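Remarks on the structure that follows.
The values are calculated or read from the model by the stated rules, or taken from the named source; none is laboratory data. None of the values given here were measured: they were computed from a predicted structure. Glycine gets a Cβ as well: all are built from the backbone with ideal geometry, and neighbour counts include every protein chain shown. Each accessible area value is taken on the protein alone, full model and side chains, heavy atoms only, with ligands, DNA and RNA left out. Shrake-Rupley method; radii C 1.70, N 1.55, O 1.52, S 1.80 Å.
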Amino acid sequence: MKLTPNIEKIIKGSGFRKDFIANKLKVSVRQLRKYETGESLIPIDKAYILARLLDKKVDDLYKFEGEENEGV
């Protein structure tokens with residue numbers, strides 16, 4: 001299974017500035033960028049904060065790919 005982040009796309013469509021979002025998550029803009037690129041996975045508590053801020057579900061933050069998720 002592969003997780004592909006949708007975070008960057010969602011943030012771009014939100015109208016929020018990255019520094020505003022990073023501040024709300026209590027992370028640096030650099031760390032937020034790592035979440036966007038998939039270099040780091042966002043911790044679950046921050047994922048819920050981000051999803052709520054962007055009016056999305058936590059599931060919307062990543063796309064699941066691969067055979068392992070078939071039938072789930």
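Students sometimes get this wrong: rank Asp55, Asp60 by accessible area, probe 1.4 Å, all chains present, largest first.
Numbers: Asp55 135, Asp60 55 Å².
Largest accessible area first, the list is Asp55, Asp60.
When Rg and the Kirkwood Rh are both derived from Cα coordinates, the Rg/Rh ratio for the chain amounts to 0.98.
Atom-type composition of the exposed protein surface of the chain places 49 percent of the accessible area on carbon and sulfur (1.4 angstrom probe). Taking 20 Å as the cut-off, the amide N atoms of region 1-33 that come nearer than this to a point 7 Å along the Cα-to-beta-carbon line of Tyr48 belong to 7, 21-27.
Accessible surface calculations at 1.4 Å, restricted to protein heavy atoms, place the chain at 73 Å² per residue.
Taking the Cβ of Ala51 as the centre, find all other residues whose Cβ is under 12 Å away and add up their charges (Lys, Arg: +1; Asp, Glu: -1). Taking every Cβ under 12 Å from that of Ala51, the sum is +1.
For Ile44, the solvent-accessible surface computed with a 1.4 Å probe is close to 110 Å², ligands and nucleic acids excluded.
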